[in-house]
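As structure tokens, the structure follows; a few thoughts come after it.
The values are calculated or read from the model by the stated rules, or taken from the named source; none is laboratory data. Since the model is a prediction, treat every value here as computed from it, not as a measurement. Positions of Cβ are backbone-derived with ideal geometry, glycine not excepted, and every protein chain shown enters the neighbour counts.
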Amino acid sequence: MFSNRDLFGALFLSVVAGFLIFSIFTIHPFGFPNTPEMDDYIINNCQEETGANNGVTSVVFDYRGMDTLGEATVLFTAVAAVVMLLRRVKKND
Amino acid sequence: MMAYNLPYLAVVALVIIGLYALLFRRNLIKMVIGITLIESGVNLFLITLGFRKDSVAPIYTGAPSSKSVMSLPVPQALTLTSIVIGVAVLALMLTLVIHLYRHYGTLDSGKIGGEK
Amino acid sequence: MTEMSKIVKTITNIAFPFVLIYGLYVISHGHLTPGGGFQGGAVVASGLAMILVAYGSNWAIKKVKEKDLSIFESLGAIGFISLAILGLIFGSVFFKNFLTGKEILFGKIPEFGSTIANINTAGVIPWMNFAVGLKVIAGLFAIVLVMAYGTRHLKGGA
């Protein structure tokens, strides 16, 4: 009584759910990250190298500025595509 | 040991519910909501990787003392980028749904397409 | 979409300046407190969307066209990329923070540890916050406006 598509969907969903629940038991415990050396350097030296009091802003705009450039490009492209797709065409009749 | 991994349980629940809504529903808006739920689950996972026990935010203005333990700032910066990209993808998906509704007149994904 | 009742319009008139001031505060203090360009831009765009919902799209189509908003967004993008190229000219690397330690605006360096917030710090980061904030405000409001115009005369809709 179930179609073929529903059976394949249930099989795929149970495989993915099983894999995700298995990974809860083998990931590192919550609150003890594995390698914090890069972030310790950023926390200790972000005030004299960039002059900002905020660690997250100095990472977003100074230590990793190229990622912000890529994100600004994605936002610009999405807005241009949406405005172009929903423009008003004048009917000639 | 098991009770300390509670945020990972929330991430797995969000991803499974979003995947169920994407596979088993036929309304187009419900499929878009399922994709957004998967995106929220992945953002939550990216943030919980950067927490240290008994830490404060990595900001020096009004910090409790000069030697307090701070959480990692790099996963928070990557999550910011991911949220903005999720907003851009959601805007494009909804534009395509508007065009499909104008052309076919229905929001049921079983009745669109199939023209020769 | 049609406009809303008189009570909604009055409350929107009262609440909009507070939302605007709070959003500009979050954008401009991005290097001292949590916030920055993207977060503050989302707050101001939500306030503008509140105005659009309360007054209806028939009123808004006489006031704002979408090609006025594209000028603001292009200004924000050009400002952001030109600050990065200026870092290449005055420093030696792309995206270099070339204003820390100088005596022009935003040049001081705070000492280590928990300090009181001083807005005169952090080099080229506040300029970048303003450019990205302008871009996000114009971009998100243009998306909401174009979708409100495009669904006015759908088949079977309002």
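So here's what we get for this one:
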{"quantity": "Hey, C:Gly30 crowded, with 18+ Cβ neighbours inside 10 Å, without any contact (Cβ under 8 Å) to a residue 12 or more places away in the chain and not in a helix (DSSP H, G or I) or not", "calculated": "no"}
{"quantity": "Looking only at region B:68-84, and only at residues there that are within 8 Å of chain A (Cβ to nearest Cβ) and not in a helix (DSSP H, G or I), the one that is farthest from A:Asp39 (Cα to Cα)", "calculated": "B:Met70"}
{"quantity": "Any pair with Cβ under 8 angstrom, 6 or more apart, that starts in region B:14-32 at a residue that is among the charged types (D, E, K, R) and ends at one that is part of a helix (DSSP H, G or I)", "calculated": "B:Arg25/B:Met31; B:Arg25/B:Gly34; B:Lys30/B:Ala21"}
{"quantity": "Number of positions in region B:85-115 that are more than 8 Å from chain A (Cβ to nearest Cβ), of a type in the set (Ser, Thr, Tyr) and assigned to a helix (DSSP H, G or I)", "calculated": "2"}
{"quantity": "Residues located in region B:1-56, provided they are under 23 Å from B:Asp108 (Cα atoms) and not in a helix (DSSP H, G or I)", "calculated": "B:Arg25, B:Arg26, B:Asn27"}
{"quantity": "Matching entry among B:Ile16, B:Ile33, B:Ile112, B:Ile59 (being in contact with a His (Cβ under 9 Å, 6 or more places away or on another chain) and of a type outside the set (Gly, Ala, Ser))", "calculated": "B:Ile112"}
{"quantity": "Options B:Leu92, B:Leu100, B:Leu96: the member that is touching a residue at least 60 places away in the same chain (Cβ under 8 Å) and under 22 Å from C:Val146 (Cβ atoms)", "calculated": "B:Leu100"}
{"quantity": "Cross-chain or 6+ apart pairs with Cβ under 9 Å, region A:11-39 first and aromatic (Phe, Trp, Tyr), then surrounded by 14 or more Cβ atoms within 10 Å (Cβ to Cβ) and assigned to a helix (DSSP H, G or I)", "calculated": "A:Phe12/B:Leu19; A:Phe12/B:Leu23; A:Phe25/B:Asn5; A:Phe30/B:Asn5; A:Phe30/B:Pro7; A:Phe30/B:Tyr8; A:Phe30/B:Thr48"}
{"quantity": "Candidates A:Phe8, A:Phe25 - the one that is outside any loop (DSSP other than H, G, I, E, B), at pLDDT below 90, more than 30 Å from C:Lys108 (Cβ to Cβ) and among the hydrophobic types (A, V, I, L, M, F, W, C)", "calculated": "A:Phe25"}
{"quantity": "Yes/no for B:Val42 being closer than 26 Å to A:Asn54 by Cα, surrounded by 15 or more Cβ atoms within 10 Å (Cβ to Cβ) and modelled with pLDDT of 95 or more", "calculated": "yes"}
{"quantity": "Filter result for C:Ala84 (crowded, with 16+ Cβ neighbours inside 10 Å, more than 22 Å from B:Leu94 (Cβ to Cβ) and modelled with pLDDT under 85)", "calculated": "no"}
{"quantity": "Residue that is nearest to the chain's Cα centre (by Cα) [pool: residues in region C:34-63 that are surrounded by 17 or more Cβ atoms within 10 Å (Cβ to Cβ) and part of a loop (DSSP other than H, G, I, E, B)]", "calculated": "C:Gly36"}
{"quantity": "Unique residue being within 14 Å of chain B (Cβ to nearest Cβ), in contact (Cβ under 8 Å) with a residue 60 or more places away in the chain and closer than 25 Å to A:Ala81 by Cα when the list is C:Ala122, C:Ala148, C:Ala117", "calculated": "C:Ala148"}
{"quantity": "Residue check for C:Phe94: surrounded by 14 or more Cβ atoms within 10 Å (Cβ to Cβ), away from chain B (no Cβ under 12 Å) and free of Cβ contacts under 8 Å to residues at least 24 places away in the same chain", "calculated": "no"}
{"quantity": "Checking C:Gly91 against (1) under 26 Å from the mean Cα position of the chain (by Cα); (2) closer than 27 Å to B:Thr81 by Cα, the condition it does not meet", "calculated": "(1)"}
